[in-house]
Every structure is written in structure tokens, then in C-alpha cells.
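First the structure, in the form of C-alpha cells, and then the observations on it.
The values are calculated or read from the model by the stated rules, or taken from the named source; none is laboratory data. Bear in mind the structure is a predicted one, so any value in this text is a computation, not a measurement. Heads up, the Cβs are rebuilt from the backbone with ideal geometry, glycines too, and the neighbour counts pull from every protein chain shown.
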Amino acid sequence: MKALVKREAARGIWMEQVPVPQPGPNEVLIKVEKTAICGTDLHIYLWDEWSQRTIRPGLVIGHEFVGRIAELGPGVSGYKVGQRVSAEGHIVCGHCRNCRGGRPHLCPHTVGIGVNRDGAFAEYIVMPASNLWPVPDPVPSELAAFFDPYGNAAHCALEFDVVGEDVLITGAGPIGIIAAGICKHIGARNVVVTDVNDYRLKLAADMGATRVVNVANQSLRDVMSDLHMEGFDVGLEMSGNPRAFNDMLECMYPGGRIAMLGIMPKGAGCDWERIIFKGLTVQGIYGRKMYETWYKMTQLVLSGFPLGKVLTHQLPIDEFQQGFDLMEQGRAGKVVLSWT
Ligand code: NAD
Ligand code: ZN
């Protein structure tokens, strides 16, 4: 089968022929229909310091996908061949304190597809049946393809009560854009989104953000006074940029709550006094809640949340290079690649 493989310890990604994987007990084989490119895939493509530490060359990359079940492994019940599914890409151990305590998204033995084991940028992928997410008929495949990052956005946006609240989102990457839409959809008051990329800020505005702020040439403080605000009640950090996080700490209302998804560089500092004297809550967010987040995000789409507004490009898989180029240039929301 065709697959996008990280063949060499260098910048790039290679389309190769690899064997079709075989489903073992309690696993299913899925014929991949559509995949989406994540920021993580771009890191692996660029071969940054994190990828060099984490990825073994020869790996099939990719973790955002939708497809149809092609074969059931021994012991699988409750699923049918031909059924359309996406899947949770974090495979957990099922035995540890967190798994057994109902917090599997915090399993310390998590294995990520397309990072720690072969991923979804291929004609077929094998997944544990317990990770499957059946896709309801009204949800189009090009949206189901990126439920994984949609789930990061939903997990973060739903961590604190945003109904009637003023929300600051730092970072208008695909996840920040989707989070802005969710907050507005469920009834936040003002949703202000910052970035340094006007193309992405426009997508956030189209998604319903009250105001978008290019912090390279606009002041967040000015926007707050325009909106007659003293501070934000809820912050969603979605840039991974220490400056953005410090801007957020400065602009939070005392007692505010911050959900932190963006991955900061090692050793990044912050103004601790603002956290302490304002009594802020800072909650780290990892992955998606299994499977609470999946239920909620599916229902949000079925209730009219316009997830499709973040989807800017759909390409056949043979044009994958163009997809990675668009991602690298920051001139894309979600890029979906079609395998069929
Ligand atoms: P992305 O890299 O596409 O988006 C980040 C955005 O932040 C970019 O648009 C960038 O221009 C913007 N930015 C840079 N400097 C800024 C500043 N000073 N102020 C405001 N914005 C600024 O990333 P994404 O795919 O949307 O993911 C968002 C973040 O979440 C990333 O850091 C990613 O690594 C992280 N992430 C975490 C998890 C998790 O489980 N915790 C999962 C997925 C992604
Ligand atoms: Zn576990």
C-alpha cells in the first residue's frame, strides 16, 4: 500500500510502498478515506529538535483521519465491515491508575499513532477497536478527518464555563480558530483572538470571534478598552508562544481561569506574580477526554457548529507536498488530503 513515511533523519516526507498491516485480537483494519495535516506532522516534516528526539525514521506518520472498516480482528464485536469511523489517536494502557480511575487521557503509557507507532497517512491503518469513533451519517468525511484537533479545541474550550464570559484565545492556528467558534456557539460574550498572522485571524473572525488582534501591530489593551472590558474571565492558550502567554496573564481578570494547550519551549518563563496576586487557575490540557470530548464535539457539529469554516484546502494525496508547503507558510486552516 501507499504511505507517507519519514524515511530519512532530515527535512521531508516520502511516499513509499509498505505492507498492509494485519489486525490482531481486538483490533480493526481501516481503509483510510481522508486525512488532515496537523502541526505535529509539520514538525516531523521539518525535522525539528522535538522530532529528532521522538521519531524513529521509517515511521508512517499522520494521526488525523477518517475511513471505513475493512476487516475485524479476532474478538471484535459491535462494529461492521464498511462502517465509517474516525479514531482516538492516543492508545492507552487500560491498566494504570488513571485508566482505571476514569482519566485515560492522562495515562502515562500513552502511545500516539503517527508518532510512537505507524500512523494514518496510508491506505490502511490498524487501530484497537476500543479507540474507534463511529461517524454519524450527517457528518461529512472532510470534517470527520480532523476530529482529533477539533477535540483538542473542544477539550480546552469546554474545560471552564464560558457561557456569558469574556474569553481570550492566544493563537489562531486551526485549534485556536475552532475554539473561538465553539466559545461563540455555546454562548460566550466577547471572544478575542490574537495572532501575528492576518490570514489566520481572518479565519477566526469568520468563525465568529468578536475581535481579532494582530499583536505585531495592535494592542490588546486598546481592544479591551474598546469593548469596555477590565479583563478576561477565561483564557485559552493555543499558540505555544511565551509572549502570548505573558500577554494573557497581564489581561486576565482577577480570579480568571486559563486552559493551557499550546506547548511552550522548554524553560519558558512567565510572570508568576500575576498568577499569584490575581489568584488565577492554570489548567494544562492534553489530548481529548476519552470519550466525553468525542460525544460533545459530535453533538456540537450536529447542532450546527460551523466546523467547516476552518477547512481551507482539500487535495488528492498525490499533492501532499503542496499541503505541507501551505502549512509551512501559515496560509491554511485545515488541509485535508484524500486517499480515495
Ligand atoms: P499552530 O502552530 O498552527 O498555531 C499557533 C499559532 O500561534 C500560529 O498561528 C502562530 O502564528 C500564533 N502565534 C505565534 N506567536 C504568537 C503571539 N505572540 N501571540 C499570539 N499568537 C501567536 O498550532 P495548532 O495546531 O493550532 O496548535 C496550537 C498549539 O497547541 C500548538 O502549540 C500545538 O503544539 C499545541 N497542541 C497541544 C496539544 C495538547 O494535547 N496539549 C495537542 C495539539 C496541539
Ligand atoms: Zn493507562
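Just one residue in the set GLY101, GLY89 is within 18 Å of the chain's Cα centre (by Cα) and within 16 Å of ligand 2 (Cβ to nearest atom); that residue is GLY89. For the range 169-186, the set of residues classified as within 15 Å of GLY235 (Cβ to Cβ) and either within 10 Å of ligand 1 (Cβ to nearest atom) or at pLDDT below 95 (or both) consists of ILE169, THR170, GLY171, ALA172, ILE175, GLY176, ALA179, listed by residue number. The single condition among (1) surrounded by fewer than 24 Cβ atoms within 10 Å (Cβ to Cβ); (2) of a type in the set (Gly, Ala, Ser); (3) closer than 20 Å to ASP271 by Cα that ALA216 does not meet is (3). Scanning the range 2-28 for residues that are out of contact with any Leu (no Cβ under 8 Å at 6 or more places or on another chain) and touching a residue at least 60 places away in the same chain (Cβ under 8 Å) yields LYS2, ALA3, LEU4, VAL18, GLY24, ASN26, GLU27. Restricting attention to the range 219-252 and to residues that are touching a strand residue (DSSP E or B) at 6+ places or on another chain (Cβ under 7 Å) and small (Gly, Ala, Ser), the residue that is surrounded by the fewest Cβ atoms within 10 Å (Cβ to Cβ) turns out to be GLY231.
Selection of first residues in the range 254-269 that are farther than 22 Å from ASP48 by Cα and of a type in the set (Val, Ile, Thr) and of second residues that are near ligand 1 (Cβ under 10 Å from one of its atoms) and not in a strand (DSSP E or B), restricted to Cβ pairs under 9 Å at least 6 apart or on distinct chains, gives the following pairs, ordered by first then second residue: ILE258/PHE245; ILE258/MET248. If you check GLU16 against the conditions, is it modelled with pLDDT under 95, more than 23 Å from LEU311 (Cα to Cα) and not polar (S, T, N, Q)? So GLU16 fails the test.
This table checks each residue for (1) in contact with a Lys or Arg (Cβ under 9 Å, 6 or more places away or on another chain); (2) free of Cβ contacts under 8 Å to residues at least 40 places away in the same chain; (3) more than 15 Å from ligand 1 (Cβ to nearest atom).
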| position | (1), (2), (3) |
| --- | --- |
| GLY58 | yes, no, yes |
| GLY62 | no, no, no |
| VAL76 | no, no, yes |
| TYR79 | no, no, yes |
| ARG100 | no, yes, yes |
| THR110 | no, no, no |
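Residues in the range 78-117 that are crowded, with 20+ Cβ neighbours inside 10 Å, touching a Leu at 6+ places or on another chain (Cβ under 7 Å) and β-branched (Val, Ile, Thr): VAL85 alone. Every test in (1) closer than 21 Å to GLY284 by Cα; (2) more than 16 Å from ligand 2 (Cβ to nearest atom) is passed by THR110 save one, and that test is (2). Of the strands (runs of 3 or more DSSP E) that lie entirely inside the range 1-63, those containing 3 or more residues that are buried (at least 16 other Cβ atoms within 10 Å of the Cβ) span 2-6, 27-36. Restricting to the range 73-131, name every residue that is assigned to a loop (DSSP other than H, G, I, E, B) and closer than 13 Å to ILE61 by Cα. Selection gives GLY89, GLY114, VAL115, ASN116, ASP118, GLY119, ALA120, PHE121, GLU123.
Scanning the range 143-158 for residues that are within 8 Å of the chain's Cα centre (by Cα) and in a helix (DSSP H, G or I) yields PHE147, ASP148, PRO149, TYR150, GLY151, ASN152, ALA153. The residues on offer are PHE146, PHE160, and the sole one that is aromatic (Phe, Trp, Tyr) and either at pLDDT below 95 or surrounded by fewer than 23 Cβ atoms within 10 Å (Cβ to Cβ) (or both) is PHE160. Checked against (1) within 14 Å of ligand 1 (Cβ to nearest atom); (2) part of a loop (DSSP other than H, G, I, E, B), VAL139 passes all but condition (1).
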